1. Considering each of B:Arg326, B:Arg292 in turn, give the residue that is basic (Lys, Arg) and buried (at least 24 other Cβ atoms within 10 Å of the Cβ).
2. Of the residues A:Gly391, A:Gly376, which single one is facing another protein chain (nearest Cβ under 10 Å), under 26 Å from A:Glu184 (Cα atoms) and of a type in the set (Gly, Ala, Ser)?
3. Select from region A:151-170 the residues that are surrounded by fewer than 16 Cβ atoms within 10 Å (Cβ to Cβ) and of a type in the set (D, E, K, R) and list them in ascending order.
4. Suppose we filter region B:312-348 for residues that are of a type in the set (Val, Ile, Thr), under 19 Å from B:Lys203 (Cα atoms) and not in a helix (DSSP H, G or I); how many remain?
5. Please verify whether region B:330-340 includes one or more residues that are within 11 Å of another protein chain (Cβ to nearest Cβ) and either crowded, with 20+ Cβ neighbours inside 10 Å or in contact with a helix residue (DSSP H, G or I) (Cβ under 9 Å, 6 or more places away or on another chain) (or both).
6. Since B:Tyr359 meets every condition but one in (1) away from chain A (no Cβ under 14 Å); (2) in a helix (DSSP H, G or I); (3) crowded, with 18+ Cβ neighbours inside 10 Å, which condition does it not meet?
7. Any idea which of (1) outside any helix (DSSP H, G or I); (2) without any contact (Cβ under 8 Å) to a residue 24 or more places away in the chain; (3) more than 14 Å from chain B (Cβ to nearest Cβ) is the one A:Val357 doesn't satisfy?
8. Give me the pairs, please: first residue somewhere in region B:299-312 and under 13 Å from B:Pro96 (Cα atoms), second residue anywhere and basic (Lys, Arg), beta-carbon distance under 9 Å, and either six or more positions apart or on two chains.
Amino acid sequence: MEFTISKKEEAFREELKTWLSENLPYGWMEGKREIPTTKEEYSKFLRDWQRTLYEGGWAGIAWPKEYGGRNATIMEEIIYHQEMVRVKAPPLINYIGIHMVGPTLIRSGSEQQKQKYIQNILTGEEVWCQGYSEPNAGSDLSAIQTNATKDGDCWIINGQKVWTSYGHLADRCFLLARTNNHPEKKHKGITAFLLDMKQSGVETKPILQMDGNQEFNELYLTDAIAHDADIIGEVDEGWKVMIELMLHERVGIGAELFSLEMRFNEMVEIAKEHHVNEKPLLEDRFVRQKMAEFYARYRGSLLNYYRNLTNTLKKGHPGPESSIDKLLVSELNKEMASFMITIQGHHGVLWKENAPVDTVWQDEFLASFGQTIGGGTSEVQRNTIGERVLGLPKDRGR
Amino acid sequence: MDFALNEEQEMFREYLRKYLNDVGQTKVARNFIKGDLQGFLDIHSGLTDLGCTSINISEEYGGLGLSSLDLVPFFEEIGRSLLPGVYLETMAFAVPLLELYGTTEQKENYLPQIASGSKKITLAWLEPNKSFNPDEVECSAEINGDSLIINGVKTLVSGGDIADIYILLVRTGEEVEEGLSLVLVDHSEEIKRNNLKCVDESKHLAELKFNSLAVPINQVVGPINQGWSLLQEGLLYLNAALSSQMVGGMDRVVEMSTEYAKIREQFGQPIGRFQAIKHRIVDMKLELETARSLSYYANWTLENSSDDRAAAIYSARSFAAEAYIRSASQNIQIHGGIGFTEEIDCHLYLKRARYFENYLGSSQDYNEQVALALAW
């Protein structure tokens, strides 16, 4: 059992720390962390940030060197996430491109596709989104109905996608569409397309979320066009490509976990400073008990993650246990945010600029509901754990 | 980063698992409940032969000279088989305290005998209708020349009838905390021992009455009147091991539920297909893995004298204690009617979980210890 990190890893951390302190947007380290809100300015700000990362050699660090990455080890990737969380770095606008589409292209894309896309993913010139869910295909993803019909060397695509994160800003889409109907196995006959979003047959409509943000979209495809050359993997075998794409998330829930740790520490500080009846909140018996329970649970989640990571390091790829991490962290995050609002008393209903404390826990609380749904609902995670970790039988219909 | 038990530790676990499988796992506890003490003593000598009772005793006293993390497989496995005995108090309380604070004479006298399996030690702290608070310890030891004269009653003493030696928390002075001492008392006919019935029948509890019992003063562990702080040190070891023991029990409980959900059919299919069952077992698994990670880390902090050891150990203990009760209860529900019978082991795990819930302090007490350790 060993938690220390090597000298080489420590040097990596120092190099990144120094780079961040010199290259984060102006005033960011001092706490002036404002991202413009209009669509155009927001997009430009985050693309500029990704360009800066790219120029510093800090975009796509896990990618092989010949594709512009730095061949980072899993531990270096972990450190990268820790540091990004620590400085509360701006979000990575091309997260999907860098962590999912890029590595999949590198492994399974054609030479032509690599030439066309790889560089632009890294620089942030082309932002990617994923076209998965549909109004009638959520957790049951293989039920998608968006249809691609062959016409010469073209494919005509019609249908509707939904919950498409960054769809309104994206230039490209990793799209799943039905090219065939298999009588029994729905996941057969699906093809993965690399779709150009900048065409008349593609329309996005932002969806206003319960937390006031507009991160995801409805995506309408009306005679949208893709070519044979835009297919990744084989026709009708897109499901395999999608599974492969998910496997590239080798450090899993790391970033969310480090954010959770930071929020826990902020919670402690607030409970120390905030007074009720002239006593710090943290001296309240109920608050102390709950906080000690949260301490055990967040430490337990973190340690679980390290245990699963140890397995990943030994095997070279994550196992189904990573679903345990996702489920634990997203559910705990929700409960912690909820508790933070409870202990603010009736002032807890104040929002935005009137929120009682700096970290807007009201936002955290509202946003936390997205985490237990997006990327596979908690129920889907439980199915995965039940079936793939414990070996329980699948329920009928799947 | 390497957060896992090492190969030797996993191999040791396999040996132990095989040995305990061969003797029927919970069968030992079940026979013990029926009054078969000898069966347990046979297993005890078997475990001794495997080296279990010498793991953390230093080599000069006949031990293996290993430490807390090496105890993890042992405590998980005996937790799994619900083994009776006082291993927790002997290996994870008396041994570390003797190693740290014992005089050479005490070490020579006790450690080799523990290693060889011939002596078992338990802790006698609680008194009738009192709490675990230091101001409620009344059992007294008065200094009389080279002797201590002990008077008072200790109750709910774990394994009271199979232990050969007690570590007694006694009042030797007036200060609330700094008036308490720990004394090694060998069992003798002069101590009136009364067995108490316990919900967990695989645990034998005893009440001990001391009526002017004379014990040599050199039986005090560490300095006189420093018993309370020694006790706190010992509780770190004990609770780290306890968290592993509870994890071992939970591991079996999750396994029982999973196995049953695969074979039990209703509505023409295994009940494990139903999400009402499947998701419940998954939630038990989540708590099990969280408890396991916390317990590994707790034992790691002891081995490495880490600054956060108190917070790590006490959070591991209170989390595991609560989670064990929850999963042992769910296990009964998942088994349905058969889970409510005596025949199936489900109830044994629930009873053990309840036994540990408030042992040497409640989850609330230990949560408070976490808060204090974090300087809240």
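1. On the way: B:Arg326 fails: buried (at least 24 other Cβ atoms within 10 Å of the Cβ).
When all the criteria are applied, what remains is B:Arg292.
2. Exactly one of A:Gly391, A:Gly376 is facing another protein chain (nearest Cβ under 10 Å), under 26 Å from A:Glu184 (Cα atoms) and of a type in the set (Gly, Ala, Ser), namely A:Gly391.
3. Correct list: A:Asp151, A:Asp153.
4. Counting residues in region B:312-348 that are of a type in the set (Val, Ile, Thr), under 19 Å from B:Lys203 (Cα atoms) and not in a helix (DSSP H, G or I) gives 1.
5. no
6. (2)
7. (2)
8. Cβ pairs passing all conditions: B:Leu302/B:Arg309.
The values are calculated or read from the model by the stated rules, or taken from the named source; none is laboratory data. Quick caveat: nothing in here was measured; it's all calculated off a predicted structure. Ideal geometry is used to build each Cβ from the backbone, glycine not excepted, and the neighbour counts take in all protein chains shown.
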